[in-house]
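These notes are about the structure you will find just below.
The values are calculated or read from the model by the stated rules, or taken from the named source; none is laboratory data. Treat the numbers as computed from the prediction; the structure is a model and nothing was measured. Cβ: placed from backbone, ideal geometry, glycine included. Neighbour counts: every protein chain shown. What goes into the accessible areas is simple: the full protein's heavy atoms, side chains included, and nothing from ligands, DNA or RNA. Shrake-Rupley method; radii C 1.70, N 1.55, O 1.52, S 1.80 Å.
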Amino acid sequence: MPTVSVGRDRLFSALGKSYSREEFEDLCFKFGIELDDVTTEKAIIRKERHLNEEDGGVGDDDGEIIYKIEVPANRYDLLCLEGIAQALRVFNEEQQTPTYTLASIPKDSMLKMHVKPQTSSIRPFVVCAVLRDITFDEASYNSFIDLQDKLHQNICRRRTLVAIGTHDLDTLQGPFTYEALHPKSINFVPLKQEKSFRADELMEFYKSDMKLKKFLQIIENSPVFPVIHDSKRTVLSLPPIINGAHSAITLKTKNVFIECTATDLTKANIVLNTMVTIFSAYCQRKFEVEPVEVIYSDGRSFIYPDLSVYNMEVPLSYITGSIGVSLEAEKVTSLLNRMQLRAEHSVLDDNKCNINVSVPPTRSDILHPCDVMEDVAIAYGYNDIPKRRLPSMKPLPLNQLEDLIRAEIAMNGFTEVLTWILCSNRENFALLNREDDRSSAVIIGNPRSSDFEAVRTSLMPGALKIIGHNKDHPKPIKIFEVGDVAFLDDSKDVGATNRRHLAALYCGTNSGFELIHSLLDRIMEVLGTPFVPIGDNTGYYIQRSDAPEFLPGRQASIIYKGKHIGDFGIVHPQVLNNFVITDPCSFLEIDIEHFLSAVDLVQWLESCFA
């Protein structure tokens, strides 16, 4: 959880009221944040210098009192004093939620950012905005710089996803150009320096800089570096490393040009919106932002920032049922307004009530009705939710079925294993001789390792990896797993769906195909499913298949009540070789959720676990 350090006196001034420490802790708790620590500027200096109090060097007066406030990791609007103060004022009903607008200027008069095609190979996206007639004092200027650092460490993932550049617009001349050039052709004076450097020289120079050296690896091995120029070829920045000294902002800056280059456009928009919405409060025309047109080489153009409001409908019954408190629609809308979510209620034809929520650009954390429900619970007060005796709970039918199957397979001499739900895309497809159609697997954005870049669509890679790492284990090896796999699914609100699968694998001196086949028959017998002729939809049958991960002619599909629910067979030698397995193996995999469609099975499960 990020911690934001703010001056107590300046915070109370922004809130328009002073609080005792206990009162402020109580306010933070009610709002869903936490006062983590109370310290002073000089105490922080002593800690950084590893000094004791008696060592001196900072004087008897410890200076301004600093509040360290812990905020939720996805509340980027709370990463600075201005954001916290505004949120608490709205929560205390001392201020209305601001309405953020774009300055009304003709498209022809807008500043323009032209994006060259070469940037697609390194940082393909850029979003921009202008804060006009802004007035900084020392405190707000420092807060502006500190918010950039907080965002860089948080949502920007240390500048790998997004890098923010802020510039004094009055020192520049539009239109601007975002391009990718050879390092030796980029030459400029970087921030806080007096001499000009070539980009490749700058990389060597900053290798001794404690703050900047950790960002060099993002681009230093690329044949081209991203760079932003104005119309006079003045370098604004070398993202994500450093800005140019020419356009550095100061306390006297009146017009701020903000550019965010990125590999993730969604996060770039969130970062830009966070910067401009919070600090537009210091502009002469409060909460108004000047847009910038970004034009790509293929003719596409976009206007940024996007300050549009996102509308969401949430059933009142969902909110009150999840919280466990009966609330009127008017009360719910009032609570949401305190959380900076404009809300109204509407009654449908069937007398059901919906809460219509308008999500402002500051609240990028609101993604699902459960987020709206959580904000209602926070504003209502967790301590005010009445305690109640929980109803008697019982396992879900799917978990009951899983427990029954796990116990039965274990009694057949198989050892249960548990493998990662994430795997590499290569393991998911190429190592199993499967073609990646790009329409089934859930891909992880910006994975930390190539071992965890996709959600598995089969339990097979995990089981084979276990065998591959235990080649010297006495044979035969008999293992099984019951776990989730995931597939892309446009019909779901999250774009993907989970399915519960059963997998069993036999590895020995012979293939053990008959043992895997008999295990399938035993599972079906336990579930009360008869073996029937092909085409009969009252039970299950097997038919020839041609799955690439199995040996041709030694594999079969499992059909249950007319639906294909799984496959089994002897694993293809090429697949075994891919996982460095020297002994033959047979494998079975079934989607066990299909069995829940039988009403009599569910009733039987309930009687078994009663």
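Brief remarks on what is shown
- Scanning the stretch 548-583 for residues that are in contact with a helix residue (DSSP H, G or I) (Cβ under 9 Å, 6 or more places away or on another chain) and of a type in the set (Gly, Ala, Ser) turns up 556, 566, 569.
- In the set 7, 63, 56, only one residue is over 21 Å from residue 340 (Cβ atoms) and modelled with pLDDT of 90 or more; that residue is 7.
- The stretch 109-135, residues that are open to solvent by 10 Å² or more (accessible area, probe 1.4 Å) and assigned to a helix (DSSP H, G or I): 109, 117, 118, 120, 121
- For residue 374: the one exception among (1) open to solvent by 30 Å² or more (accessible area, probe 1.4 Å); (2) assigned to a loop (DSSP other than H, G, I, E, B); (3) acidic (Asp, Glu): (2)
- Residues located in the stretch 18-53, provided they are in a loop (DSSP other than H, G, I, E, B) and either modelled with pLDDT of 90 or more or touching a Lys or Arg at 6+ places or on another chain (Cβ under 9 Å) (or both): 18, 19, 20, 32, 33, 52
- Here the strands (runs of 3 or more DSSP E) wholly within the stretch 460-565 that include at least 3 residues being within 42 Å of the chain's Cα centre (by Cα) and closer than 17 Å to residue 579 by Cβ are 477-488, 496-507.
- The stretch 409-462: number of residues that are closer than 18 Å to residue 479 by Cα, of a type in the set (Val, Ile, Thr) and open to solvent by less than 50 Å² (accessible area, probe 1.4 Å): 3
- If you filter the stretch 566-576 down to residues that are assigned to a strand (DSSP E or B) and β-branched (Val, Ile, Thr), you find that the one that is most open to solvent (accessible area, probe 1.4 Å) is 570.
- Among the candidates 262, 248, the residue that is of a type in the set (Gly, Ala, Ser), surrounded by 21 or more Cβ atoms within 10 Å (Cβ to Cβ) and assigned by the TED database to the domain that holds residue 152 is uniquely 262.
- Every listed requirement among (1) closer than 21 Å to residue 159 by Cβ; (2) open to solvent by 50 Å² or more (accessible area, probe 1.4 Å); (3) touching a strand residue (DSSP E or B) at 6+ places or on another chain (Cβ under 8 Å) is met by residue 271 save one, (2).
- Of the candidates 232, 211, the single residue that is within 30 Å of residue 444 (Cα to Cα) and of a type in the set (Lys, Arg) is 211.
- Which numbered condition residue 349 misses (of (1) loosely packed, with under 14 Cβ neighbours inside 10 Å; (2) in contact (Cβ under 8 Å) with a residue 40 or more places away in the chain): (2)
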